[in-house]
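The values are calculated or read from the model by the stated rules, or taken from the named source; none is laboratory data. If you're wondering where the values come from, they're calculated on a predicted model, not measured in any experiment. Don't worry about glycine lacking a Cβ; one is built from the backbone with ideal geometry, like all the others, and counts go over all protein chains shown.
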Amino acid sequence: MDQMTQQPNFQTMTVQELKSYVLSHREDDEAFYAYLDRVRERENRVVYPPLKSLEDLEKYPEIIEQMRQESGNKFKQNIE
């Protein structure tokens, strides 16, 4: 980020505001790491083992459901 540009205060942003900022300023590493720190602080955070293939997603229907809820998109219910 340009030294003449003032850096926003990531600590005062909500998680959603910080996420939006990171998505619109993908080159801002400081913002990205601030967002990761905030996500890691969540008490209700669920950590899943890494997937080795797309087929592994079938083993984790709760991940798919969580992704649906968080994205707000209406996905087709065609995963069986």
Residue satisfying all of: in the stretch 3-18; at pLDDT 95 or above and in contact with a helix residue (DSSP H, G or I) (Cβ under 6 Å, 6 or more places away or on another chain); farthest from Arg45 (Cα to Cα) among these: Phe10
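Go over the candidates Tyr48, Tyr21 one by one and state the one that is touching a residue at least 12 places away in the same chain (Cβ under 8 Å) and not in a helix (DSSP H, G or I). Write out each step before concluding.
Details: Tyr21 fails: not in a helix (DSSP H, G or I).
Being touching a residue at least 12 places away in the same chain (Cβ under 8 Å) and not in a helix (DSSP H, G or I) holds for just one of Tyr48, Tyr21, which is Tyr48.
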